[in-house]
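The values are calculated or read from the model by the stated rules, or taken from the named source; none is laboratory data. Remember, it's a predicted structure, so these values are computed and weren't measured experimentally. All Cβ positions, even for glycine, are placed from backbone atoms using ideal geometry, and neighbour counts span all protein chains on display. Surface areas here come from the heavy atoms of the whole protein model, side chains and all, with no ligands, DNA or RNA. Shrake-Rupley method; radii C 1.70, N 1.55, O 1.52, S 1.80 Å.
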Amino acid sequence: MIELSLAEVADIVGGRLCDVSVEDAARIRVTGTVEFDSRAVTPGGLFLALPGARSDGHTFAATAIAAGAVAVLAARPVGVPAIVVDPVAPEPGSGGTAGVLEHDVDGSGSAVLAALARLAAAVAARLVAGGLTIIGITGSSGKTSTKDLIAAVLAPLGEVVAPPGSFNNELGHPWTVLRAAESTDFLVLEMSARHPGNIAALARIAPPSVAAVLNVGTAHLGEFGSREAIAATKSELPQAVPPSGVVILNADDPVVSAMADVTAARVVRVGRGPEADIRADNVALDPLARASFTLHAGGAAVPVSLAVHGDHQVSNALTAAAIALECGATLEQVAAALGSAGPMSRHRMQVSTRSDGVTIINDAYNANPDSMSAGLKALAWMSRGGAPESRSWAVLGEMAELGDDSITEHDRIGRLAVRLDVSRLVVVGSGRPMSAMLHGAVMEGSWGSEAIPVADADAALALLRAELRPGDVVLVKASNSAGLGALADALADDTGGQDPR
């Protein structure tokens, strides 16, 4: 973050100083990072006192100060230097801090989050005036993988700040903005939504001059009610880009391509069809489902070989390429960067081969019908390239937040696993959605032991440890709430996972 005095921070967020004098507030400067976890506080930092599932951040204020924080951003006095903002309950129906601070019973977290947003907006405005380029991306799936690719292709052009993992909501978004400093050239931001208006609100904090919409699928269908409502919310991002900016749209998704009509910015389309401005053709997959293709842009073409796994990564790579080209990269720089950009975020198409020859595809961070289909297709492809006796295992948990379509979509995934000739489908968990997945597989023709229900991740791990053979390929995928990440990690570590590259 740019250096600010406590007095400046208090003025920006509209807070009052507590347990620190006006004179000291003008002298003391925030020189470190802004953190909501007291264990991550560094000297010169600012600590955010937020309510959590098990504890209230206000109780860790003294700990944060002892660790080097110069002050706490809080909703009440905490007995140490603080900037206090008054608790304000979220407006009904606004979405507020939904999914971020579920235990914010008194509005204290909402007040601190609102103050954090104001601080991030002020810092972003100053940095943009100094030459920072802000890049925003959204989509129903693939945001984090694409964000990682964008960061990789921009790295040769200057200093890049991008969120770790999926920091893309009301907390993670401004937290990432405040990672940028005067030396930062590019700030890459994911933008997620659980309610209409969420993306527009995030875009107001750090207005992007370059934005990309990846796809519109059925993730969070239970929250939005329809794909049309999801599309309308995703379109808030291109609407936020000024006429001087550029919007990257996926030409292979008609709903996304139509968003050209709602933005005043210049539009660049990416895809595999002839209508795309940045285009891929001659796509081929290696035995580990890493794509190679010819990248076409501006009348020129270069070969690209990706280091990430899955045919769906081609679209993500095209978006990253388009953004890099808009930021000044050459086509050759883009091809080289894409070729060396491996998976950066944990539990997202992480592929490792153990010393016993078992390959683990760890894609357990999140799941929706589109990403689940992509993962199963990658599994099927990888298993075909193995030895004749190798088997494919799909270890699948629940896809959350699908609303009324949950049963239908889980049934469809069970059927797809059979159609792709997956050797063994392990259905993890109970409840109607997982029963529907098992039912779909059985109705599609999995009548023997191909489809196996297990109670939980521990039971799945025991089954796999007992039955895996050298050469088998295992996909572990579910929404994060299913908790299959630890299962995938345990499988990869069982005999010393090794990167197949």
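Here is how the numbers come out for the structure above:
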{"item": "Additional length obtainable on full extension of the chain from residue 423 to residue 284, 0.36 nm per residue less Cα span", "result": "47.7 nm"}
{"item": "Estimated FRET transfer efficiency (residue 26, residue 462; beta-carbon r; R0 60 Å; 0.05)", "result": "0.45"}
{"item": "3J(HN,Hα) from dihedral phi, region 265-271, Karplus parametrisation 6.51/-1.76/1.60, rounded to Hz, x for glycine, proline", "result": "7, 5, 10, 10, 9, 10, x"}
{"item": "Diffusion coefficient, µm² s⁻¹, Stokes-Einstein with Kirkwood Rh over alpha-carbon pairs of region 350-493 at 4 °C and 1.567 mPa s", "result": "89"}
{"item": "Gain in span if fully extended, residue 480 to residue 239, counting 0.36 nm per residue against the direct Cα distance", "result": "83.7 nm"}
{"item": "Per residue value of the accessible surface for region 190-281 (all protein chains in place, 1.4 Å probe), Å²", "result": "37"}
{"item": "Relative contact order (%) - criterion: Cα under 8 Å, at least six apart; region: the chain", "result": "10"}
{"item": "Gained length - residue 159 relative to residue 185, 0.36 nm times residue gap less alpha-carbon distance", "result": "8.8 nm"}
{"item": "Surface share of carbon and sulfur [accessible, 1.4 angstrom probe, percent] for region 350-493", "result": "50"}
{"item": "Of the GluC sites (Glu not before Pro) in region 216-320, those whose Cβ has at most 14 other Cβ within 10 Å and which sit in DSSP loop", "result": "275"}
{"item": "Accessible surface of region 131-340, 1.4 Å probe, proportion on carbon and sulfur as whole %", "result": "52"}
{"item": "Highest average packing first - 187-198, 435-446, 252-263, Cβ atoms within 10 Å", "result": "187-198, 435-446, 252-263"}
{"item": "Helix runs (DSSP H) in the chain reaching 30 Å along axis by Cα, Kyte-Doolittle at least -1.0", "result": "108-129"}
{"item": "Pairs of Cα atoms farther than 36 Å apart, the chain, %", "result": "35"}
{"item": "For q = 0.14, 0.21 Å⁻¹, Debye-computed log10 I/I(0) when each Cα of region 1-56 counts as one equal scatterer", "result": "-0.41, -0.85"}
